[in-house]
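The values are calculated or read from the model by the stated rules, or taken from the named source; none is laboratory data. These numbers were taken from a predicted model, which means no experiment stands behind them. We place every Cβ from the backbone using ideal geometry, glycine too, and count neighbours over all the protein chains shown.
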Amino acid sequence: MEDENKKPEQPQGFSYDQENRDDPYAEVRRESEPYTFGPYGPSQTFGGREQPLQEEQRTLDVTPSSTKEYRPFTVTGGPTRQEWGAQPPRRTSFRSMFAAFLVGVVVVGGLMFTADRQNWFSSELFGGTSQVKEAIAKTVNNPVTNSSDVVRPNNIAKIFEQSSPAVVKIETYASAQQNSSGGMSEDDFFRQFFGDRSGNTDKSESKNNKGELQQTGMGSGFIFDSTGYILTNQHVINGASEIKVTVDGHSDPLTAKLLGSSYELDLAVLKIEGKDFPALKLGDSSGLNMGDWVVAIGNPYGFDHTVTVGVLSSNEREISIQDTNGTRNYEHLLQTDASINPGNSGGPLLNLQGEVIGINTAVSSQAQGIGFAIPTSTITEVLDNLKSNTEIPQKPVPFIGATLTDVTADIAQRLGIDEATKGSFITEIMFNTPAYKGDLRQYDVITGMDGKAYKSKEELIAAIQKKAVGDKVNFDVLRGEKKLEVTVEVGDKNKFNVQQ
């Protein structure tokens, strides 16, 4: 007997009316979701074969009633459908998407081109100022430019290309007898600190020009005037009988004439015959900031035209270097970590505009990456004097003429004063100096000046140096068990050639 629950086999031409009887929403689903899985309909199709549905799937109650509520649904981000029979949105064709992309490219490209041509983002319309315009104009007129917000400068090659021809190598010669007499080239510490004597000169090489000459030193310099004026350090050419300068583009070294020099400032000006030499512009060292990029060019260890790069580490540095001729006291030096080595002395230290802001002068023999340069603010004050070989006016140095040391417990005990006393002990008074004339004496202890206590000699000397020459100061003095006030008129150290 035939099973009553058995469904008749679905004919090849499946009737939608039969399906409609089992699924009242079949017509809507066929129009809106032609490829869907669900509980509706007599069968499911997998891989082209129809699979019979379970009994509970066939008998699912989908009849609307007052107790059932059918809520509209949305695809994430899409509009709410108000009814099951709503038509789905049309899919955007590839051609429409591509056309929209082309339109966007044209619009954005046009805006970028217009903004660049009309300089929108640096005009006053967008908050710019006249100072910004002036800065841009200056940058355009300068042959060497660099973006201010780069991690590292991108124009070092351009700076070297423009500046290197004006950098020269300087070689000095002296007679064998003069060279054997000693000097700063014999002092290892001096040679390491200044970095201009490589110490590897072959003394067997000599020149026969007004006697036998031997090479005594080598350094750098740069042309600052196209008629042949050269700036370098005084210690580079010190004691030289003959100075030879190698200039880019000239096969043979040129003989240079020393016009003027300053031992105190360690500066010298040379002159070579000729014209239309490449020259470097002197810039303003006072406008530098810590961390600004700097470029050094020179001839370290004889390697001609070597470029090194670093930053400005500090300024207003003071150092003292002793040699056989005395002590060089440098002031206002620029400190940099750009590599400076023997042979760099006298070469230029440049900013990113290719302007000279200093002359490379010294390196620290006890540290790595610490070099010093004489700033152009010092050079420009005396440049005319050096070119004309006239005396350079010396800046007055406040001075009293007493040699001082700190008071220690041992000194206090020997003087018979309180061991807790702090001050400056006078070990020597120079004859006819302000201290001598003011009646300061050897073994006096200075505890203060002008009513203020100074516990160390460094504090007292610094206070004296802040005074002007001719000022009168009152020292608080312990002389044995006596407390005195001694008046001294501050003098000029340059007139006495002695230490403070």
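Being among the hydrophobic types (A, V, I, L, M, F, W, C), farther than 20 Å from Thr172 by Cα and part of a loop (DSSP other than H, G, I, E, B), is that true of even one residue in the stretch 286-294? Among the residues of the stretch 286-294, at least one is among the hydrophobic types (A, V, I, L, M, F, W, C), farther than 20 Å from Thr172 by Cα and part of a loop (DSSP other than H, G, I, E, B), which makes the answer yes. Of the listed requirements (1) within 28 Å of the chain's Cα centre (by Cα); (2) surrounded by 14 or more Cβ atoms within 10 Å (Cβ to Cβ); (3) among the aliphatic types (A, V, I, L, M); (4) under 22 Å from Ala362 (Cβ atoms), Met290 misses just one: (2). Here Gly219 clears all of (1) surrounded by fewer than 21 Cβ atoms within 10 Å (Cβ to Cβ); (2) at pLDDT 90 or above except the condition numbered (1). Residues in the stretch 467-491 that are closer than 21 Å to Glu264 by Cβ and surrounded by fewer than 16 Cβ atoms within 10 Å (Cβ to Cβ): Ala468 alone.
Just name the residue that is nearest to Glu481 (Cα to Cα) out of those in the stretch 451-471 that are of a type outside the set (A, V, I, L, M, F, W, C) and part of a helix (DSSP H, G or I). Among residues in the stretch 451-471 that are of a type outside the set (A, V, I, L, M, F, W, C) and part of a helix (DSSP H, G or I), the one nearest to Glu481 (Cα to Cα) is Lys457.
Whether any residue in the stretch 178-188 is surrounded by 18 or more Cβ atoms within 10 Å (Cβ to Cβ), in contact with a Gly (Cβ under 8 Å, 6 or more places away or on another chain) and modelled with pLDDT of 85 or more is what I want to check. No, the stretch 178-188 contains no residue that is surrounded by 18 or more Cβ atoms within 10 Å (Cβ to Cβ), in contact with a Gly (Cβ under 8 Å, 6 or more places away or on another chain) and modelled with pLDDT of 85 or more.
For every residue, the table says whether it meets (1) aliphatic (A, V, I, L, M); (2) assigned to a loop (DSSP other than H, G, I, E, B); (3) touching a Cys at 6+ places or on another chain (Cβ under 7 Å); (4) closer than 20 Å to Ile223 by Cβ.
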| site | (1), (2), (3), (4) |
| --- | --- |
| Ser345 | no, yes, no, yes |
| Leu352 | yes, yes, no, no |
| Gly358 | no, no, no, yes |
| Ala362 | yes, no, no, no |
| Ala367 | yes, yes, no, no |
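Does Ser339 satisfy being in contact with a strand residue (DSSP E or B) (Cβ under 7 Å, 6 or more places away or on another chain), in a strand (DSSP E or B) and not assigned by TED's automatic domain parsing to the domain that holds Val486? Spelling it out, it is not the case that Ser339 is in contact with a strand residue (DSSP E or B) (Cβ under 7 Å, 6 or more places away or on another chain), in a strand (DSSP E or B) and not assigned by TED's automatic domain parsing to the domain that holds Val486. Within the stretch 343-392, restricting attention to residues that are closer than 29 Å to Lys158 by Cβ and in contact with a Phe, Trp or Tyr (Cβ under 6 Å, 6 or more places away or on another chain), the residue that is surrounded by the fewest Cβ atoms within 10 Å (Cβ to Cβ) is Leu352. Checking Ile272 against (1) modelled with pLDDT under 95; (2) crowded, with 16+ Cβ neighbours inside 10 Å; (3) within 16 Å of Gly221 (Cα to Cα), which test does it fail? Just one mismatch for Ile272, condition (1). In summary, helices (runs of 4 or more DSSP H) completely within the stretch 372-450 and bearing 1 or more residues that are closer than 30 Å to Ala338 by Cβ and touching a residue at least 60 places away in the same chain (Cβ under 8 Å) occur at 376-388. Here Gly249 fits the description: surrounded by fewer than 16 Cβ atoms within 10 Å (Cβ to Cβ) and either more than 29 Å from the chain's Cα centre (by Cα) or in a loop (DSSP other than H, G, I, E, B) (or both).
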